[in-house]
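Visitor: Just dropping this structure here.
The values are calculated or read from the model by the stated rules, or taken from the named source; none is laboratory data. Predicted model only: the values in this text are computed from it and were never measured. Virtual Cβ from ideal backbone geometry, glycine too; neighbours counted across all protein chains shown. Side chains are part of the model used for accessible areas, which takes the heavy atoms of the whole protein and leaves out ligands, DNA and RNA. Shrake-Rupley method; radii C 1.70, N 1.55, O 1.52, S 1.80 Å.
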Amino acid sequence: MATFIVLLGPPGAGKGTQAKKISEILKLPHISTGDLFRENLSDQTELGKEAGLYINQGLLVPDSLTIAMVKDRLSREDCAQGAVLDGFPRTLAQAEAFDQMLRESFDSKVDCVPCIDVDAGLLVERLSGRWMCPNGHVFHATFTPPKVPGVCDICGSELYQRDDDKAETVSKRIEVYNAQTAPLIQYYERQNVLKKIDGAQDIDSVTRDILDVLEKIERK
Ligand code: AP5
Ligand code: MG
């Protein structure tokens, strides 16, 4: 049976950081809708150009585009055993569509939703200090600085800051999270799969707490 884990949490909570580690440990693909949109944007595909209009304002990309993109990604062979989802679903319509995809294509359901909880003030600090490379390696100017400023420790590429990490866009993204994504907490509580995780701890402690809840789920 395939295993599907959804990492939920506000912008800057550490979903990407944790999804990368958890997916390596569980040997499941890491699917980040934000990364998929940004790849399309840098390749200037039609999807990327349209998504960019929303991303740069801190708004959600329309459900129809997002759901179709995830459906296509899940149809690839590497998802046969499941996946770690980062940044999807983000609306009730997406969550319902995802449940339907899992039921119809995998005879499966969402197994666990670690919800990474971090105060708004810390979110802004995390996002304003985030630096990343084109290959998706992520650093933080204060918390996890690269050895040489502006250069990726792992692949040597030049680091950059995301356009949507500007202060005014960050506030909009947090507002959008509270209005459109936070209702998923109740949605997954009702399915009995939501697990609250204290995201203010250091990166390895957050990973340990997520692995702890995943272990309990698998033993059920
Ligand atoms: P997306 O790329 O998903 O952005 P997000 O949800 O706003 O989250 P972030 O990627 O900014 O933060 P994160 O939680 O991954 O944190 P990270 O690990 O990097 O989406 C971008 C946009 O795409 C959306 O606004 C929307 O427009 C669109 N989109 C995406 N999915 C969509 C969907 N499903 N529907 C519609 N539209 C969609 O960590 C942040 C920083 O903190 C890093 O520098 C990291 O090094 C550091 N850090 C992480 N954890 C810790 C820790 N424990 N201690 C210290 N530092 C830490
Ligand atoms: Mg991310």
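Visitor: Please give the net charge around Pro145, taking every other residue with its beta carbon less than 12 angstrom from that of Pro145, where Lys and Arg add +1 and Asp and Glu add -1.
Guide: +1
Visitor: First check a/c for region 101-162, with a ≥ b ≥ c the square roots of the eigenvalues of its C-alpha gyration tensor; if it is under 1.5, answer rounded, and if not, answer prolate when a/b is larger than b/c or oblate otherwise.
Guide: oblate
Visitor: Whenever you get a sec, line up Lys195, Lys216 from highest to lowest accessible area (probe 1.4 Å, protein heavy atoms).
Guide: Sorted by accessible area, descending: Lys216, Lys195.
Visitor: Can you list the residues, at least 5 places off or on another chain, whose amide H is less than 5 Å from the amide H of Trp131, using H built in the peptide plane?
Guide: For Trp131, the qualifying residues are Phe139, His140, Ala141.
Visitor: Please compare each pair in Lys27/Lys109; Lys49/Lys147; Lys21/Lys166; Lys109/Lys166; Lys71/Lys147; Lys27/Lys172 to a cut-off of 28 Å on the Cα-Cα distance and tell me which ones are over it.
Guide: Pairs exceeding 28 Å: Lys49/Lys147; Lys109/Lys166; Lys71/Lys147; Lys27/Lys172.
Visitor: In the neighborhood of Ser128, defined by Cβ-to-Cβ distances under 9 Å, what is the net charge if each Lys or Arg adds +1 and each Asp or Glu adds -1?
Guide: Net charge around Ser128: +1.
Visitor: Accessible area, 1.4 Å probe, largest first: how do Leu123, Leu41 sort?
Guide: Leu41, Leu123
Visitor: In what sequence, largest accessible area first, do Val113, Val124 appear using a 1.4 Å probe?
Guide: My answer, sorted largest first, is Val124, Val113.
Visitor: How many percent of the accessible area of region 3-219 is carbon or sulfur, using a 1.4 Å probe?
Guide: C and S atoms contribute 50 percent here.
Visitor: Sticking with this one: Sum up the charges of everything whose Cβ sits under 11 Å from the Cβ of Leu47, counting Lys and Arg as +1 and Asp and Glu as -1, but leave Leu47 out.
Guide: Within the 11 Å Cβ shell, the charges total -4.
Visitor: Output the peptides 43-49, 138-144 sorted from most to least packed, where packing is the average of other Cβ atoms within 10 Å over each peptide's residues.
Guide: Order by mean packing, descending: 138-144, 43-49.
Visitor: Please label the shape of region 3-219 as rounded, prolate or oblate, based on the square roots a ≥ b ≥ c of the eigenvalues of the alpha-carbon gyration tensor (a/c under 1.5 means rounded; beyond that, a/b larger than b/c means prolate, else oblate).
Guide: rounded
Visitor: Per residue, how much accessible surface does the chain expose to a 1.4 Å probe? Answer in Å², no decimals.
Guide: Accessible surface, normalised per residue, equals 52 Å².
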